[in-house]
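Okay, so here's the structure we're looking at.
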Amino acid sequence: MLFKSLEFKLMSGQKVKITDIPVLEEDNKYCFMLNIRLQILLTSIYAQKRPKNIYSFKDYLKRVIKWPDYEAIFGINILKSNA
């Protein structure tokens, strides 16, 4: 899976970086949901008085979406018997 990152400056001049943004095809059923969740994260960062310098979009998604959707997006495969 390909990941991208987004780096921007706030009005105060502080640099903020969002990492681990998955790249999905346009026709993927999770593409719209990820765009909306990214927009919500950006809005919440702008609303904070002192945001952190680095955010992980993957960790954010782990907290806000249902686990089956998270597994479908990131394709977590658990190996049985270490095989």
Identity of the residue in the stretch 45-73, modelled with pLDDT of 95 or more and of a type in the set (Ser, Thr, Tyr), that ends up nearest to Phe8 (Cα to Cα): Tyr55
Complete set of residues in the stretch 21-58 that are over 12 Å from Ile73 (Cα atoms) and touching an Asp or Glu at 6+ places or on another chain (Cβ under 8 Å): Ser56, Phe57
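The values are calculated or read from the model by the stated rules, or taken from the named source; none is laboratory data. Since the structure is predicted, the reported quantities are computational estimates derived from the model, not experimental observations. All Cβ positions, glycine included, derive from the backbone under ideal geometry; neighbour counts span all protein chains shown.
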